[in-house]
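Reviewing the structure listed below.
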Amino acid sequence: MDWEFISTNIPLYREAAVLTVKIGFAGILVAILLGLLCEIIVYCRIPVLRRAVAVYIELSRNTPLLIQLFFIYYGLPKIGIRTDAQACGVAGLAFLGGSYMAEAFRSGVEAVGAAQEESAYSLGLSRMQTIRYVILPQAFAISAPAFVANVIFLLKETSVFSAVSLMDLMFTAKDLIGLYYNTTESLALLVVFYLLILLPVSLLGSVLERRLRYAGFGT
Amino acid sequence: MGVRPVPGIVLEISHLHKAYGQNTVIEDLSLTVREGEVIVIVGPSGCGKSTLLRCINALESNQGGEVRLHGEPVLKGSKNLPEIRQKIGMVFQNYELFPHMTVLDNIMLAPVKAQGRKKSEVREEALALLKRVGLETKANSFPRQLSGGQKQRTAIVRALCMHPDILLFDEVTAALDPEMVREVLEVILDLANQGKTMLVVTHEMQFARAIADWVVFLDDGRICEEGTPEEFFDHPKTERAKKFLNTFTFERKARQPKTI
Ligand SMILES: Nc1ncnc2c1ncn2[C@@H]1O[C@H](COP(=O)(O)OP(=O)(O)OP(=O)(O)O)[C@@H](O)[C@H]1O
Ligand SMILES: [Mg+2]
């Protein structure tokens, strides 16, 4: 193990990690909003949009992120939409994550059940009020485990960002290997930095899950 | 023949027809509920009692006829349906409290959000009502921390706090352990004594007899017989009603003298 190589390149990895985290979390945030929007469209059975959501979910879930990124990065400029690499990374992650988030929310909403909805309606709450105060808070708690799993999955997916020349962790590792052939050290650093990002998220996730389970409303 | 008093009409169901596909559940049913009246609906399982109550506040769509509350039609899909539902209190067999909210928040949600009333005023009323049903210490508990009877009393308070014109009860003691049935029935009896207008579906015949101004016997989605509690329970006219009431009494034949 070439420790000097490692120590001189840590700043490079740190910078790349910051970029990965930045784009990762931005993409996940948009994915959550997109997923929520999709689920509300499906739940409210909004005619045309509902179809569009179904198509989007199949498209997003059944194509690799790499291909989605290529489409956004190389395809969009062809029809006159300019994207820089970072925006492209955020968009790609959001496109992939939106469907996973939508599915997580959907199973949560389904688990809340029709009786709760009817109970809210019978009190004279409007549809929107029912969604906001009765359905969503319960659905969020129920879908928390799936939600956490999605966040981790999406953070790991960021490793394909290098394909659109984003200088993320993967890009940095590949770059260093290409330049110096220090494969072991470069990969070790890569693993360590991914763990540094993902372990805290995992830990936070399981705390969140446990809290929600204890608050566990059940009956 | 008992005479039914004639104050103002609160709820009017006329020629209601409800079917699930080919299966007709309510057929040409008409019923009027007047101010301050307690009408008890009884009938065998599957005769359409729950469906009738659910049609009244348009949780179910109907296939004919109409329901009017103070003259206003209750229509599924109509724009003012939430407002009309605010005037129809409903209590379910399985309570259907919101599990993520405390007792107090359960009660305050609709008055504050749907009726736009002031929080402080609603809170005060909610606490007074909770006290009235013996739950003043449970205001900040979550539903999962309550017994079945306490949950159901909370659900009743939640409906009451909306100041409904009529209350619908659908077998509200059916899911309860026997020792909790009474505490809930007493709350409903108290409401009857306060002159609340109510439509009560129940399998508790003693209770039905005690609380009813008028008994409606439903069979196969139609009103088979109706009358005062005395008429219905002591002198049922139809064979079906007699047969139904017989299912609640147990008799033991006199023992045969032993023959050697
Ligand atoms: N969602 C539904 N889809 C199809 N059929 C239904 C549905 N809900 C109720 N039914 C049918 O309608 C009929 C009346 O049901 P309902 O629940 O109103 O009876 P009930 O008088 O309340 O019975 P119980 O005393 O057991 O509660 C039953 O035959 C039932 O099978
Ligand atoms: Mg029923």
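Read the figures in this text as sums done on the coordinates, not as results from a lab. Just so it is clear, the model here is predicted, and its values are computed rather than measured. FYI the Cβ positions are ideal-geometry reconstructions off the backbone, even for glycines, and counts take in every protein chain you see.
Going by what's in this entry, would residue B:101 be described as closer than 27 Å to residue B:40 by Cα and hydrophobic (A, V, I, L, M, F, W, C)?
It is false that residue B:101 is closer than 27 Å to residue B:40 by Cα and hydrophobic (A, V, I, L, M, F, W, C).
For residues that are within 14 Å of chain B (Cβ to nearest Cβ) and part of a helix (DSSP H, G or I), scanning just segment A:177-216, find the one that is surrounded by the most Cβ atoms within 10 Å (Cβ to Cβ). Once the filter is applied, the top-ranked residue is A:212. Contact annotation: residue pairs with Cβ atoms under 6 Å, 6 or more positions apart or on different chains, pairing a residue in segment B:100-115 that is more than 13 Å from residue A:125 (Cα to Cα) with a partner that is in a helix (DSSP H, G or I) and of a type in the set (D, E, K, R), are B:103/B:138.
In summary, residue B:93 fulfils each of the numbered conditions (1) more than 9 Å from chain A (Cβ to nearest Cβ); (2) away from ligand 1 (no atom under 16 Å from the Cβ) with the single exception of condition (2). Do we have any residue at all in segment B:106-122 that's within 12 Å of chain A (Cβ to nearest Cβ), more than 20 Å from residue B:141 (Cβ to Cβ), within 20 Å of the chain's Cα centre (by Cα) and not basic (Lys, Arg)? No, the conditions are met nowhere in segment B:106-122.
If you take just the strands (runs of 3 or more DSSP E) that sit entirely in segment B:140-233, which of them hold at least 2 residues that are within 16 Å of ligand 2 (Cβ to nearest atom) and among the hydrophobic types (A, V, I, L, M, F, W, C)? Working first, answer last.
Numbers: elements: B:166-170, B:198-201, B:214-219, B:222-227.
Those strands (runs of 3 or more DSSP E) span B:166-170, B:198-201, B:214-219.
Out of segment B:64-92, which residues are assigned to a loop (DSSP other than H, G, I, E, B) and surrounded by 17 or more Cβ atoms within 10 Å (Cβ to Cβ)?
Within segment B:64-92, the first condition is being assigned to a loop (DSSP other than H, G, I, E, B), and the residues that meet it are B:70-71, B:74-80, B:87, B:92.
Result: B:74, B:87, B:92.
Among the conditions (1) more than 14 Å from residue B:41 (Cα to Cα); (2) more than 13 Å from ligand 1 (Cβ to nearest atom); (3) in contact (Cβ under 8 Å) with a residue 60 or more places away in the chain; (4) small (Gly, Ala, Ser), residue B:212 misses just one, which is (1).
Yes/no per residue for (1) on the phi > 0 side of the Ramachandran plot; (2) in a strand (DSSP E or B); (3) more than 16 Å from ligand 2 (Cβ to nearest atom):
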site	(1), (2), (3)
B:13	no, yes, yes
B:18	no, yes, no
B:29	no, yes, no
B:32	no, yes, yes
B:36	yes, no, yes
B:46	yes, no, no
B:51	no, no, no
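Scanning segment A:89-122 for residues that are surrounded by 20 or more Cβ atoms within 10 Å (Cβ to Cβ), over 22 Å from the mean Cα position of the chain (by Cα) and among the small types (Gly, Ala, Ser) gives A:119, A:120, A:122.
Yes or no, residue by residue, for (1) within 20 Å of residue A:101 (Cα to Cα); (2) in contact with a Phe, Trp or Tyr (Cβ under 7 Å, 6 or more places away or on another chain); (3) among the hydroxyl-bearing types (Ser, Thr, Tyr):
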| residue | (1), (2), (3) |
| --- | --- |
| A:142 | yes, no, no |
| A:155 | yes, no, no |
| A:159 | yes, no, yes |
| A:169 | no, yes, no |
| A:174 | no, no, no |
| A:206 | yes, no, yes |
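Evaluating residue A:125 against the criteria (1) over 11 Å from the mean Cα position of the chain (by Cα); (2) more than 14 Å from chain B (Cβ to nearest Cβ); (3) of a type in the set (A, V, I, L, M); (4) surrounded by 19 or more Cβ atoms within 10 Å (Cβ to Cβ) leaves one unmet condition, (2).
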